[in-house]
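The values are calculated or read from the model by the stated rules, or taken from the named source; none is laboratory data. Everything numeric in this text was worked out from a predicted model, so none of it was measured. Positions of Cβ are generated from backbone atoms using ideal geometry, with glycine treated the same way; all protein chains shown enter the neighbour counts. Keep in mind that these areas ignore ligands, DNA and RNA; they rest on the heavy atoms of the full protein, side chains included. Shrake-Rupley method; radii C 1.70, N 1.55, O 1.52, S 1.80 Å.
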Amino acid sequence: GAGVSQSPRYKVAKRGQDVALRCDPISGHVSLFWYQQALGQGPEFLTYFQNEAQLDKSGLPSDRFFAERPEGSVSTLKIQRTQQEDSAVYLCASSLASILDSRNQPQHFGDGTRLSIL
Amino acid sequence: AQKITQTQPGMFVQEKEAVTLDCTYDTSDPSYGLFWYKQPSSGEMIFLIYQGSYDQQNATEGRYSLNFQKARKSANLVISASQLGDSAMYFCAMRDLLNTGFQKLVFGTGTRLLVSP
């Protein structure tokens with residue numbers, strides 16, 4: 001399809017396990033974002049890439065969270081030693097916007113990965 | 001810091017009627033963008049409409065319009081002729097346009113809209 005693709009759709013892990021969530025952005029989109037959405041809340045920003053460069057990781061809640069986008073396309077969000085409070089929907093979004101282009105572009109979101117930590 | 005406030009946890013509307021979803025914001029940025037997204041129960045976030053802080057006219061996209069009142073710092077979404085498929089969560093969001101290295105969206109807590117036949 002032409003949209004943002006995230007996998008897996010659902011992930012259940014035991015507390016203490018490591019998990020990896022994948023995001024495949026829209027082709028040609030230079031900007032990629034990760035958000036965390038707790039139940040009943042709006043999404044909260046985690047981190048932002050432009051191509052392979054991670055320009056903003058101010059929203060990552062702890063050093064257990066790590067994101068990468070090594071070739072400037074697919075991105076992986078990794079959570080180490082998961083805890084129950086990590087249970088949430090993790091949304092990935094991509095955009096045509098770049099830091100050199102001040103025109104606004106909307107972010108297009110994937111369906112998210114629902115992570116449950118037991 | 002930017003902040004979005006959506007004070008209506010839930011709204012009800014009858015099919016074919018218009019409904020207004022409230023959004024107020026707070027920012028010290030001189031240039032910013034305001035967005036509305038729809039999130040059905042299936043979970044995807046669907047972009048609806050955008051308003052730039054320096055846009056002279058209120059944005060419209062089909063049945064969606066944005067009632068932008070800059071002095072009051074409000075950006076309410078108006079949905080005309082509601083349809084059953086409009087039942088979903090609606091999120092207001094904003095981002096800084098001046099500092100292009102900071103492109104994150106700041107979201108409100110959302111309003112759940114239920115459209116009845």
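Values for this structure:
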{"item": "Restricting the range A:4-33 to residues that are open to solvent by less than 40 Å² (accessible area, probe 1.4 Å) and within 12 Å of A:L115 (Cβ to Cβ), the residue that is farthest from the chain's Cα centre (by Cα)", "result": "A:A13"}
{"item": "Of residues in the range A:41-50 being open to solvent by less than 60 Å² (accessible area, probe 1.4 Å) and either within 7 Å of chain B (Cβ to nearest Cβ) or not in a strand (DSSP E or B) (or both), the one nearest to A:E71 (Cα to Cα)", "result": "A:Y48"}
{"item": "In the range A:25-34, the residues that are free of Cβ contacts under 8 Å to residues at least 60 places away in the same chain and outside any loop (DSSP other than H, G, I, E, B)", "result": "A:W34"}
{"item": "Residue check, A:D56 charged (D, E, K, R), modelled with pLDDT under 95 and over 11 Å from the mean Cα position of the chain (by Cα)", "result": "yes"}
{"item": "Test set (1) surrounded by 14 or more Cβ atoms within 10 Å (Cβ to Cβ); (2) assigned to a loop (DSSP other than H, G, I, E, B) - A:S58 fails condition number", "result": "(1)"}
